1. Of the conditions (1) in a loop (DSSP other than H, G, I, E, B); (2) under 19 Å from R96 (Cα atoms), G171 fails just one. Which one is it?
2. With respect to R199, is the statement that it is farther than 25 Å from R96 by Cβ and basic (K, R) true?
3. For the stretch 184-206, enumerate the residues that are free of Cβ contacts under 8 Å to residues at least 24 places away in the same chain and under 37 Å from the mean Cα position of the chain (by Cα).
4. Please enumerate the residues belonging to the stretch 120-147 that are at positive phi and without any contact (Cβ under 8 Å) to a residue 40 or more places away in the chain.
Amino acid sequence: MGFRPRLVWPTARRRPAAGRPGRHGTGGLTGGRKLPRPPRFRTPRRAGGWGAALRDVRPFILLIALVTIAVVLHDAPGMRTPFSFDAERQEIAAGRWPVCGSLTRGGQCVVDGDTVRIGGTAVRLAGLDAPEINGACEAERIAARAARDRLAEWLEQGPFTVQGTRSDRYGRALRRFTRGPGVLAEDAADVLIAEGLARPYRGEAREGWCG
C-alpha cells in the first residue's frame, strides 16, 4: 500500500501535551479550558457568642442612651430659657440649683445665702444679708454654708418668680425671689431671716458675723 498523508484541518486546535503547563497552568488536564474560580473561603459563623448577645440587646442599649440624654438635658441648668434681666417680672421653672462651680458655668447655681447665678450672671436677693463663704472666721463660714444650702433647698421646691429692676452698688441685679399668689407669696429672704440664717438689709452698714 502506498503512503497516505494525514490530513490536518487548518482550524483544528492542538491540545497541549500531557505534563506540560497549559495556557492556564493546569498541565493540559483541562484541555486548555480555564478552571472555575473556587468560592471565597469563609470561616463558619458560630451560633451564639458575644456578637449574637450584643445584637440582641442593641435596641435596649439605644433606649437607655436616649433616656439618659433626655434626663441630662432636662436637669442641665444651662439648657433652660435664658434669664431676662430687662423684665420686671420673670417666672423661673422648677429645676436643680447646685452650688456654683466649674461644672455649672453658664447655668443656674447658688453662690451663697444671698447670691445666685442665672445664665452666668450674678443675681443678689433683695432685703437680706447672709454670711460670706470666705468669711473672717470659722463660725461665719459654717453659717454661710448653712444659708447657701437652705437657699438652694428653697429654690428647688418648685417654680418661683423673680421681681425687680434695680442693681446693687457692685452692678449685680437686685431681685426679690417669691413663690405663691399675691400677698400670700413667700419671699426667700424672709424665710432665711426667720430661720436665723440671714439678717434684714436695707442698705445700711453691714455687721460682722464673728462677734
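Just so you know, all these numbers are worked out from the coordinates, no wet-lab data involved. Since the model is a prediction, treat every value here as computed from it, not as a measurement. Here the Cβ is made from the backbone with ideal geometry for all residues, glycine too, and neighbour counts use every protein chain on show.
1. (2)
2. yes
3. Result: E186, single match.
4. G120
Quick grid of which residues meet (1) within 19 Å of A146 (Cβ to Cβ); (2) of a type in the set (F, W, Y); (3) surrounded by 14 or more Cβ atoms within 10 Å (Cβ to Cβ):
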position	(1), (2), (3)
G158	no, no, no
R166	no, no, no
R169	no, no, no
R176	no, no, yes
L184	no, no, no
L192	yes, no, yes
P200	yes, no, no
A205	no, no, no
C210	yes, no, no
